[in-house]
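The structure appears below as structure tokens.
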Amino acid sequence: MTATPTEMMTIAAARLLTNQDVCFVGIGAPSAACNLARLTHAPKITLIYESGTLSTRPSVLPLSIGDGELCDTALTTVAVPEMFRYWLQGGRITIGFLGGAQIDRFANLNTTVVGPYDAPKVRLPGGGGAPEIASSCGEIFITLKQSRRAMVDKIDFFTSFGHGEGGDHRARLGIATKGPTLMVTDLAVWRTDPVTHEFTVVLLHPGVTREMVQAECGWTVRFADEVGETPPPTELELTTLRDLNARTKAAHSGTNTGDAA
């Protein structure tokens, strides 16, 4: 079964998660990856959304953190102040899954504006809880479709702190968590270098070349000494993801969703 680049990205990201993870989930690609993991190899994973839903098990992907599907399928729902103060800032979240409109080589994210702040080309939704997620979760995974517009040498606005200027910048600011450690795009899997904290390509998705990765990145890409290939999707992974997307599309269009997962 042949996967699209977006499906490959989602599947590769889902594989990073385990049954032991307590995961703070962003809407969109992060949500798809986390729920695919839950529906395949990590059924005991704990998914938490910013609205306060704990251990939620949605049958379709939510449109937003306020989607009723999240509350309906959660073990419990707590107030947002408790979510942030007790769960997130209390160090109880192992993985934060984030995306963004712009990212730089040191995993700093922009979800605020494209262009000058006072006269932007595009005004984005903003940070929401992402700045706190980036600093308080044990580590951060990022999903992003590659393009020169998204992967830039310098982000237009500093919304969520990754590794700042690189090196020990994060530690110098007193942030004790690991920060971004992995990024999965539709072309490759990237890890942050343990010393410089610059993103480095460690896996290329099937059929992708180094030249293709560089062509869709706004900085000079670093490649690991040994770059492997992402294992292709299994039939279970691809069928489960497509079924999830089909249910989601049907639910959001107001048609019959069929049986919930």
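The values are calculated or read from the model by the stated rules, or taken from the named source; none is laboratory data. Just so you know, these numbers come straight off a predicted model, no measurement behind them. Here the Cβ positions follow ideal geometry from the backbone for every residue, glycine too, while neighbour counts run over all protein chains shown. Areas reflect the complete protein model, heavy atoms only, side chains present, ligands, DNA and RNA absent. Shrake-Rupley method; radii C 1.70, N 1.55, O 1.52, S 1.80 Å.
Structure summary
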{"read-out": "Largest to smallest principal axis extent of the C-alpha atoms in the chain, angstrom", "value": "47, 45, 39"}
{"read-out": "Sum of side-chain charges, T177 neighbourhood, beta-carbon under 9 Å (Lys, Arg +1; Asp, Glu -1)", "value": "+1"}
{"read-out": "Column: log10 I(q)/I(0), Debye, Cα scatterers of the stretch 22-74, q = 0.14, 0.16 Å⁻¹", "value": "-0.26, -0.35"}
{"read-out": "Probe 1.4 Å - accessible area at E139, Å² to nearest ten", "value": "40 Å²"}
{"read-out": "Å² per residue, accessible surface of the chain at 1.4 Å", "value": "46 Å²"}
{"read-out": "The chain - percent of accessible surface contributed by carbon and sulfur, probe 1.4 Å", "value": "54 percent"}
{"read-out": "Lysines with Cα under 28 Å of K121, excluding same-chain neighbours fewer than 8 positions away", "value": "K145, K154"}
{"read-out": "Cα gyration tensor of the stretch 1-99 - equivalent ellipsoid semi-axes, whole Å, descending", "value": "23, 14, 12"}
{"read-out": "HN-Hα J in Hz across the stretch 166-176 - Karplus 6.51, -1.76, 1.60, θ = phi - 60°, x for Gly and Pro", "value": "x, x, 9, 4, 4, 5, 5, 8, x, 8, 8"}
{"read-out": "Hypothetical label at L173: residues of the stretch 126-166 whose amide nitrogen lies under 12 Å (7 Å Cα-Cβ projection)", "value": "131-136, 158-166"}
{"read-out": "Gain in span if fully extended, T220 to L63, counting 0.36 nm per residue against the direct Cα distance", "value": "53.0 nm"}
{"read-out": "Accessible area (Å², 1.4 Å probe, nearest 10) - Y86", "value": "110 Å²"}
{"read-out": "Amide H contacts of G179 (H built 1.01 Å from N, under 5 Å, at least 5 apart or other chain)", "value": "I140"}
{"read-out": "Gain upon complete extension [R148, L75; 0.36 nm per residue less C-alpha separation]", "value": "22.2 nm"}
{"read-out": "Antiparallel DSSP beta bridges within the stretch 112-254, as percent of all bridges there, nearest 5", "value": "55 percent"}
{"read-out": "Residue-span extension gain [V227 to Q20] - 0.36 nm each, minus C-alpha spacing", "value": "71.7 nm"}
{"read-out": "DSSP bridge pairs, the stretch 5-252: antiparallel proportion in percent, nearest 5", "value": "45 percent"}
{"read-out": "Debye, to nearest 20: dipole size of the chain, +1 on Lys, Arg Cβ, -1 on Asp, Glu Cβ", "value": "240 debye"}
{"read-out": "Largest-first principal axis extents of the Cα set of the stretch 24-163 (Å)", "value": "42, 30, 26"}
{"read-out": "Built amide H within the under 5 Å cut-off of F223, gap 5+", "value": "V201"}
{"read-out": "Solvent accessible area, Å² - R222, 1.4 Å probe, full protein context", "value": "90 Å²"}
